[in-house]
1. Residue 62: touching a strand residue (DSSP E or B) at 6+ places or on another chain (Cβ under 9 Å), closer than 19 Å to residue 114 by Cβ and either surrounded by 18 or more Cβ atoms within 10 Å (Cβ to Cβ) or at pLDDT 95 or above (or both), yes or no?
2. Against the definition (within 15 Å of the chain's Cα centre (by Cα) and more than 25 Å from residue 3 (Cβ to Cβ)), how does residue 144 come out, yes or no?
3. Suppose the filter is on the phi > 0 side of the Ramachandran plot and not in a helix (DSSP H, G or I); does residue 71 pass it?
4. Within region 125-134, which residues are within 24 Å of residue 47 (Cβ to Cβ) and buried (at least 17 other Cβ atoms within 10 Å of the Cβ)?
5. Given the residues 88, 149, which is the only one that is farther than 18 Å from residue 4 by Cα, at pLDDT 95 or above, out of contact with any strand residue (DSSP E or B) (no Cβ under 8 Å at 6 or more places or on another chain) and exposed (fewer than 11 other Cβ atoms within 10 Å of the Cβ)?
6. Considering only residues of region 27-40 that are in contact (Cβ under 8 Å) with a residue 24 or more places away in the chain and surrounded by 13 or more Cβ atoms within 10 Å (Cβ to Cβ), which is nearest to residue 134 (Cα to Cα)?
7. Please tell me if residue 97 is touching a residue at least 12 places away in the same chain (Cβ under 8 Å) and surrounded by fewer than 11 Cβ atoms within 10 Å (Cβ to Cβ).
8. Kindly check whether there is at least one residue in region 106-124 that is loosely packed, with under 13 Cβ neighbours inside 10 Å, over 14 Å from the mean Cα position of the chain (by Cα) and within 21 Å of residue 14 (Cβ to Cβ).
């Protein structure tokens, strides 16, 4: 089972890493963000869109609702300015949820139905939260690999090096 400290740390790390990625994406511009780079979701923009789509789905399941139907091939936020705004709102929501989710509630189950698997699956809520953070890290690493190929320094991705965390002098 996860702890309140885990939720706080991962939500802060998530927000920090997303902010770094969004700022670098602003710097590289629309053409570079949208370029087909042979990534699983073709482009940096589509990869970031996918992360956000899955975050929305997981948070919707955690609220005992069913997310809107979508395919992993869909682009939900094709406009960069909107994607950035929704990403920042989502990160603020995740941080707020991390403060409000009770451990007993997280130990309960969510009814998860997917267009790819319409049969009911009851999954512990804490597993969905762990999956959300893991999924983001997995796909953000695809984006940072592209930054590396572009010669961009995206800095550290390590949790103990997060600015403001107090583990190392900032």
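1. Details: touching a strand residue (DSSP E or B) at 6+ places or on another chain (Cβ under 9 Å): yes; closer than 19 Å to residue 114 by Cβ: yes; either surrounded by 18 or more Cβ atoms within 10 Å (Cβ to Cβ) or at pLDDT 95 or above (or both): yes.
Criteria met by residue 62.
2. Numbers: within 15 Å of the chain's Cα centre (by Cα): yes; more than 25 Å from residue 3 (Cβ to Cβ): yes.
Yes.
3. On the way: on the phi > 0 side of the Ramachandran plot: no; not in a helix (DSSP H, G or I): yes.
Answer is no for this residue.
4. Of region 125-134, the ones within 24 Å of residue 47 (Cβ to Cβ) are 127-134.
Scanning region 125-134 gives 128, 129, 132, 133.
5. 149
6. Residue satisfying both the conditions and the ranking: 39.
7. Working: touching a residue at least 12 places away in the same chain (Cβ under 8 Å): yes; surrounded by fewer than 11 Cβ atoms within 10 Å (Cβ to Cβ): no.
So residue 97 does not fit the description; no.
8. no
The values are calculated or read from the model by the stated rules, or taken from the named source; none is laboratory data. All figures in this text were calculated on a predicted structure; none of them were measured in a lab. Neighbour counts run over all protein chains shown; Cβ positions are idealised from the backbone, glycine included.
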